[in-house]
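Some notes on the structure that comes next.
The values are calculated or read from the model by the stated rules, or taken from the named source; none is laboratory data. Just so it is clear, the structure is predicted and the values come from calculations on it, not from any experiment. No Cβ is skipped: glycine too gets one built from the backbone with ideal geometry, and neighbour counts run over all protein chains shown. The accessibility values were calculated without ligands, DNA or RNA, using every heavy atom of the protein model including side chains. Shrake-Rupley method; radii C 1.70, N 1.55, O 1.52, S 1.80 Å.
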Amino acid sequence: MRVDEVRRLSLGTFVRPAEETGTGQPRVETVLGYVARTPAGVLLLDTGLGEAGPEIEAWYRPVRSPLEQALAEVGLGIDDIDLVVNCHLHFDHIGGNPAFAGRPILCQRIELETARTADYTVPELVDFAGASYELLDGEAEIAPGVHVVPTPGHVEGHQSVVLECDDGSVVLAGQAHDAASHWSADALAAQSMGLGHRPPLPDPSPWMRRLLEFDPKRVVFAHDAAVWLP
Ligand SMILES: [Zn+2]
């Protein structure tokens, strides 16, 4: 697999209300999934915006793109997916999960435990008939060159995927950062001493140095169409 064979899926958009953006303006945000043929099988990261009830619908005003259609655009169908990884279990990342009954869904154990508490996500999208979780406790190499790495922050059980391709690594960061520019700043924070800076310096996320060890050629995000390049 090559870096450019990791495909992006456009799964919809929603409008983050002004109350959550800090800018005084609402912001339209994209919802992206990723699919790749890996040594672990055809891997899908995230499945789109779920039906979350009238309150969430009114708050985020989502517009959905069906997962089947997004997969068809890259020449795949639901049946081609061997395993699903969810970066976390909020409603905008697991909407299509019930289509994968019987197929492994990878998430952090702590994330599934949190998702089963009240007011975290849509329970029907988590514990649907045939849901088959493979729970991880921290970092795991699920097949040669296919890594799942915890990236807590947005939520404690957040995780990202690193794919070692023939021509370099790709990080499917999910919502480890909302925006590529936030990743940029965090990566520079982790590299700042090596760049010759001296304190006071910002603290990087605790997982940033681990992800940079993979020397990523590309980092992609769940809610930003922008891509980080080294
Ligand atoms: Zn999200």
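If you check GLY96, GLY75, GLY48, GLY41, which single one turns out to be open to solvent by 10 Å² or more (accessible area, probe 1.4 Å) and within 22 Å of ALA176 (Cβ to Cβ)?
Values: GLY75 fails: within 22 Å of ALA176 (Cβ to Cβ); GLY48 fails: open to solvent by 10 Å² or more (accessible area, probe 1.4 Å); GLY41 fails: within 22 Å of ALA176 (Cβ to Cβ).
Exactly one residue qualifies, and that residue is GLY96.
Please state which one of ARG198, ARG210, ARG218 is touching a helix residue (DSSP H, G or I) at 6+ places or on another chain (Cβ under 8 Å) and basic (Lys, Arg). Let's see the steps before the verdict.
Working: ARG198 fails: touching a helix residue (DSSP H, G or I) at 6+ places or on another chain (Cβ under 8 Å); ARG210 fails: touching a helix residue (DSSP H, G or I) at 6+ places or on another chain (Cβ under 8 Å).
Going through ARG198, ARG210, ARG218 in turn, just one is touching a helix residue (DSSP H, G or I) at 6+ places or on another chain (Cβ under 8 Å) and basic (Lys, Arg): ARG218.
Looking at this structure, is ASP178 modelled with pLDDT of 95 or more, over 19 Å from the mean Cα position of the chain (by Cα) and open to solvent by 40 Å² or more (accessible area, probe 1.4 Å)? Step through it out loud before you land on a result.
Values: modelled with pLDDT of 95 or more: yes; over 19 Å from the mean Cα position of the chain (by Cα): no; open to solvent by 40 Å² or more (accessible area, probe 1.4 Å): yes.
Taking the combined requirement at face value, the residue does not satisfy it.
Can you tell me which residues in region 51-72 are open to solvent by less than 50 Å² (accessible area, probe 1.4 Å), part of a loop (DSSP other than H, G, I, E, B) and touching an Asp or Glu at 6+ places or on another chain (Cβ under 9 Å)?
Correct list: ALA52, PRO62.
Any idea how many residues of region 161-175 are within 16 Å of the ligand (Cβ to nearest atom) and either of a type in the set (Lys, Arg) or surrounded by fewer than 24 Cβ atoms within 10 Å (Cβ to Cβ) (or both)?
Qualifying residue count for the region: 1.
Among the residues of region 118-134, which ones are open to solvent by less than 60 Å² (accessible area, probe 1.4 Å) and touching a Leu at 6+ places or on another chain (Cβ under 7 Å)?
Once the filter is applied, which keeps residues that are open to solvent by less than 60 Å² (accessible area, probe 1.4 Å) and touching a Leu at 6+ places or on another chain (Cβ under 7 Å), region 118-134 yields THR121, VAL126, TYR133.
Could you please tell me which pairs satisfy a Cβ distance under 8 Å, a separation of 6+ or placement on different chains, a first residue in region 1-15 that is at pLDDT 95 or above, and a second residue that is surrounded by 21 or more Cβ atoms within 10 Å (Cβ to Cβ) and assigned to a helix (DSSP H, G or I)?
So the pair list comes out as LEU9/LEU67; LEU9/ALA70; LEU9/LEU71; SER10/ALA70; LEU11/LEU67; LEU11/ALA70.
Whether any residue in region 181-202 is open to solvent by 20 Å² or more (accessible area, probe 1.4 Å) and touching a strand residue (DSSP E or B) at 6+ places or on another chain (Cβ under 7 Å) is what I want to check.
From region 181-202, those open to solvent by 20 Å² or more (accessible area, probe 1.4 Å) are 181-182, 184-185, 188, 191, 193-202; that's our starting set.
Checking the rest, the ones that are also touching a strand residue (DSSP E or B) at 6+ places or on another chain (Cβ under 7 Å) come to 184.
Scanning region 181-202 turns up at least one residue that is open to solvent by 20 Å² or more (accessible area, probe 1.4 Å) and touching a strand residue (DSSP E or B) at 6+ places or on another chain (Cβ under 7 Å).
Residues that are away from the ligand (no atom under 16 Å from the Cβ), assigned to a loop (DSSP other than H, G, I, E, B), under 15 Å from the mean Cα position of the chain (by Cα) and surrounded by fewer than 20 Cβ atoms within 10 Å (Cβ to Cβ): does region 208-229 have at least one?
Here is the first cut: in region 208-229, the ones away from the ligand (no atom under 16 Å from the Cβ) are 208-219, 227-229.
From what is left, the residues that are assigned to a loop (DSSP other than H, G, I, E, B) are 214-215, 227, 229.
Then drop every residue that is not under 15 Å from the mean Cα position of the chain (by Cα), which leaves 227.
Of the ones still in play, those that are also surrounded by fewer than 20 Cβ atoms within 10 Å (Cβ to Cβ) are 227.
Checking region 208-229: at least one residue is away from the ligand (no atom under 16 Å from the Cβ), assigned to a loop (DSSP other than H, G, I, E, B), under 15 Å from the mean Cα position of the chain (by Cα) and surrounded by fewer than 20 Cβ atoms within 10 Å (Cβ to Cβ).
May I ask you to verify whether HIS223 is touching a Phe, Trp or Tyr at 6+ places or on another chain (Cβ under 7 Å), modelled with pLDDT of 95 or more and under 22 Å from ARG16 (Cβ atoms)?
Here the answer is no, as HIS223 does not meet what is asked.
Pick from region 78-93 the residues that are open to solvent by 10 Å² or more (accessible area, probe 1.4 Å) and in a loop (DSSP other than H, G, I, E, B): which of them is farthest from the ligand (Cβ to nearest atom)?
ASP82
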